[in-house]
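S.K.: Before anything else, here's the structure in question.
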Amino acid sequence: MALLEIKDLRIALNDGSEIVKGIDLKVESGEVHAIMGPNGSGKSTLAQALMGHPAYRISSGDVLLDGTSLLALGPDERAQKGLFLAFQYPYAIPGVTVTSFLRSAMNALRKARAGGEDDPIPIPEFRKQLAAATERLKVPRELLGRYLNDGFSGGEKKRIEILQLALLHPRLAVLDETDSGLDIDALKTIAGGVSDLVGPEMGAVVITHYQRILNYIRPDYVHVFAGGRFVAEGGPELAEQLESEGYDAYLPEAPSGAS
Amino acid sequence: MSEPESDVSQIGRDYKYGFHTTDEPKFSTGRGLTREVVETISAQKSEPAWMLERRLEAYEHFLTRPIPDWGGDLSTIDFDSIFYYVKPTESEAASWEELPPDIKNTWDRLGIPEAEKKYLAGVGAQYESEVVYHKLQEELVRQGVVFLGMDVGLRDHEEIVREHFGKIVPFRDNKFSALNTAVWSGGSFIYVPPGVKVEMPLQAYFRINAENMGQFERTLIVVDEGAFVHYVEGCTAPIYSSDSLHAAVVEIIVKPGGRCRYTTIQNWSTNVYNLVTKRAVAQENATIEWVDGNLGSKLTMKYPAIWLTGEGAHGEVLSIAFAGPGQHQDTGAKAVHAAPNTTSVITAKSISRGGGRAGYRGLVNVASGARGAKSKVVCDALILDEESRSDTYPTIRVHEADANIEHEATVSKIGEEQLFYLMSRGLTESEASSMIVSGFVEPITKELPLEYAVEMNRLIQLQMEGSVG
């Protein structure tokens, strides 16, 4: 049984227009899959729909995590089953510090794992885990006391996304354009942090426009996504080819959605 | 103050009038308000003649004063059905069994200890915090600080009370200040001598007796030159009252260079009209801060006021209102700049849900002669659903050309995207909503004493649990 299995998935907006037009994907633990595609191809739609965003409708197909269908579940239940999405544009929650948010999120998952009983993480244990993860990901300590993503730079937001990933221990991490807005040093640190987490406990799907991040998170498989479908699939060499040749070969003659 | 008063000794003192036997018949003036009722209250308390005269004047004024036709709907108050004075006894108020189950349930979920629950219900005489209370009192006595119930304050410190009582909030101020002046009972009296800084917040908690949360309590705080005190009243657990009208008056005077912070968190049961007049005068270089949280009641009309009467005086109001189903919170603040170089900051936040209505009603008045005045008003409303409502009624009057007045107002809703983001981390919809709401009110909760802040957040969670899904 695959960790993540996507079967003939079609995703539409609530107005009926179809964005994802039938894709299949299998991800095993320890694997990294890159989904690469031009802007506007629907990559982020796929990521958000996997997480259960209410603006998208699954018109057909299925998504299984550890053999369980996610489609009838809310975003919270999907997270509790082990799905994690690192957002391209994380939202600000004024008045809630990063630390307090992290603890609440960890406790929410612990509660779900304890069958609905409160099972809060002891404070010393939380501090220990937080200190270790912030150090590995080089998250400035002062960010932890600030309000979540409130006035953060693009790079700071991305660091905090990966900090969440490191502390929440999902089964499958989906990274949506995590590389955008990062300078090269930040990219190395963050990508290195994600690579460390990939293993028997976790698989990853890395969604990106550029090959750059894949220098630091080595993909086992690359899927080229254009026009709502996977139009090419291969190993890491495919990413390098895209970097030098661009997406032109995969675009329809008169690009419509691409910009 | 001679010796700390224990609650029991106060109750014992009152027994001498002979209205009480061991079999707990309680004395009350019965329903409705007459001149005789006012006279009886004063006699019960063996008050000086001037206080009785003041009560009677206020009573006459109350009769002639029309019901306010602005704010909330006050037309349904039945003044004839209210008990204006019930002598506090240990067995006062409802029995435990008579309490509405939802209130008991909320207390359970807040983890309120049994003894405290009984106190809150009005069925227990006191909450046992005697040890802390006693130590606090010893320290206060050493510093010359007076912290008493208002009735005892009048008896033991008549000269101070007479100097200030009704000077800051005259009975003619409004119909309900007139009513309070006529029938007041309970409340706190605090005097802080020059230069004394009281480090620990004084909490009504530690002076608990059956009168503490009365319907018509009257509080007077006098902070002398260069002194400081923080007074905290109320609690976040719902206070059950079988009586439907709460009309309190709070008067504060802060003398030159002094500072007073007054924190209130109230969560009246949803049958209560909560109509409170709070006003503080800050003299030269003095500071007054009102922190005011209103969670319960059917209708609250409350606008803590700061009168900046001395040069360089500063005032702040931090207020938060939560209006749930069937509730109307008409709250706000008033800042009157009556001296040069005075500053005020008003931060008001409201949340409405389930058809609740929350409004901000504010006044900033820069009087002629108050040169160099600065005032900043920020009011933010969070509306949780389509049925709920928020209004803002700011009034600004400026009589000096160089005044610097800022006013910002925002109205927001909980965004679907914010919810999705939090839920994608495993929080349920109600957990995510309460996190957003807690964040929204954080500028206020961070100013509260820790235990109040914790309770407040817990209470918001409870309120939110019923609001989604």
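S.K.: Quick check on this structure: which one of B:205, B:191 is in the same structural domain as residue B:52 (by TED's automatic domain parsing), more than 20 Å from residue B:43 (Cα to Cα), aromatic (Phe, Trp, Tyr) and modelled with pLDDT under 80?
M.R.: Numbers: B:191 fails: modelled with pLDDT under 80.
Result of the check over B:205, B:191: B:205.
S.K.: Would you check which residues across the stretch A:74-122 are within 18 Å of the chain's Cα centre (by Cα) and open to solvent by 40 Å² or more (accessible area, probe 1.4 Å) and list them?
M.R.: Within the stretch A:74-122, A:77, A:80, A:81, A:89, A:91 meet the criteria.
S.K.: Now for a separate question. Give the stretch B:357-376 a look and list any residue that's in contact with a strand residue (DSSP E or B) (Cβ under 8 Å, 6 or more places away or on another chain), small (Gly, Ala, Ser) and more than 13 Å from residue B:313 (Cα to Cα), or say none.
M.R.: Of everything in the stretch B:357-376, those that are in contact with a strand residue (DSSP E or B) (Cβ under 8 Å, 6 or more places away or on another chain), small (Gly, Ala, Ser) and more than 13 Å from residue B:313 (Cα to Cα) turn out to be B:358, B:359, B:362, B:367.
S.K.: Restricting to the stretch B:55-77, give me the number of residues that are assigned to a loop (DSSP other than H, G, I, E, B), open to solvent by 40 Å² or more (accessible area, probe 1.4 Å) and in contact (Cβ under 8 Å) with a residue 12 or more places away in the chain. Break it down stepwise before answering.
M.R.: Kept after step one, since they are assigned to a loop (DSSP other than H, G, I, E, B), are these residues of the stretch B:55-77: B:65-77.
Checking the rest, the ones that are also open to solvent by 40 Å² or more (accessible area, probe 1.4 Å) come to B:65-67, B:69-70, B:73, B:75-76.
Cutting the leftovers down to in contact (Cβ under 8 Å) with a residue 12 or more places away in the chain gives us B:65-67, B:73.
Here the count works out to 4.
S.K.: Taking residue B:336 as the residue in question, decide whether it is of a type in the set (A, V, I, L, M) and open to solvent by 20 Å² or more (accessible area, probe 1.4 Å).
M.R.: Considered against the rule, which asks whether it is of a type in the set (A, V, I, L, M) and open to solvent by 20 Å² or more (accessible area, probe 1.4 Å), residue B:336 comes out as no.
Conditions (1) over 24 Å from residue B:434 (Cα atoms); (2) out of contact with any helix residue (DSSP H, G or I) (no Cβ under 9 Å at 6 or more places or on another chain); (3) modelled with pLDDT under 95, marked per residue:
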{"site": "A:42", "(1), (2), (3)": "yes, yes, yes"}
{"site": "A:55", "(1), (2), (3)": "no, no, yes"}
{"site": "A:66", "(1), (2), (3)": "yes, no, no"}
{"site": "A:70", "(1), (2), (3)": "yes, no, no"}
{"site": "A:85", "(1), (2), (3)": "no, no, no"}
{"site": "A:99", "(1), (2), (3)": "no, no, no"}
{"site": "A:104", "(1), (2), (3)": "no, no, no"}
{"site": "A:125", "(1), (2), (3)": "yes, yes, no"}
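S.K.: Quickly run through the stretch B:434-450 and pick out the residues that are part of a helix (DSSP H, G or I) and under 18 Å from the mean Cα position of the chain (by Cα). Give the steps one after another, and end with the answer.
M.R.: Quick first cut of the stretch B:434-450, residues part of a helix (DSSP H, G or I) only: B:434-445, B:450.
Answer for the stretch B:434-450, where residues must be part of a helix (DSSP H, G or I) and under 18 Å from the mean Cα position of the chain (by Cα): B:444, B:445.
S.K.: For a quick check of your reading: which strands (runs of 3 or more DSSP E) sit entirely within the stretch A:52-120 and have at least 2 residues that are facing chain B (nearest Cβ under 7 Å) and touching an Asp or Glu at 6+ places or on another chain (Cβ under 8 Å)? Reasoning before the result, please.
M.R.: On the way: elements: A:56-65, A:83-86, A:93-97.
Filter on the stretch A:52-120 gives A:93-97.
S.K.: Within the bounds of the stretch A:38-46, is there any residue that is hydrophobic (A, V, I, L, M, F, W, C) and over 24 Å from residue A:234 (Cα atoms)? I'd like the intermediate steps shown before the answer.
M.R.: Our first condition is that a residue be hydrophobic (A, V, I, L, M, F, W, C); within the stretch A:38-46, this holds for A:46.
If we keep only those that are over 24 Å from residue A:234 (Cα atoms) as well, we get none.
Among the residues of the stretch A:38-46, not one is hydrophobic (A, V, I, L, M, F, W, C) and over 24 Å from residue A:234 (Cα atoms), which makes the answer no.
S.K.: Scan the stretch A:220-252 residue by residue and report those that are surrounded by fewer than 16 Cβ atoms within 10 Å (Cβ to Cβ) and in a loop (DSSP other than H, G, I, E, B).
M.R.: A:235, A:246, A:252
S.K.: To continue, here is another question. For the stretch B:413-439, how many residues are in contact with a strand residue (DSSP E or B) (Cβ under 6 Å, 6 or more places away or on another chain) and open to solvent by 30 Å² or more (accessible area, probe 1.4 Å)?
M.R.: Looking only at that region, the number is 1.
S.K.: Run down B:417, B:431 and say which single residue is within 26 Å of residue A:87 (Cβ to Cβ), in contact with a His (Cβ under 9 Å, 6 or more places away or on another chain) and either assigned to a loop (DSSP other than H, G, I, E, B) or facing chain A (nearest Cβ under 10 Å) (or both).
M.R.: Matching residue, one of B:417, B:431: B:417.
The values are calculated or read from the model by the stated rules, or taken from the named source; none is laboratory data. Predicted model only: the values in this text are computed from it and were never measured. Cβ: placed from backbone, ideal geometry, glycine included. Neighbour counts: every protein chain shown. Surface areas here come from the heavy atoms of the whole protein model, side chains and all, with no ligands, DNA or RNA. Shrake-Rupley method; radii C 1.70, N 1.55, O 1.52, S 1.80 Å.
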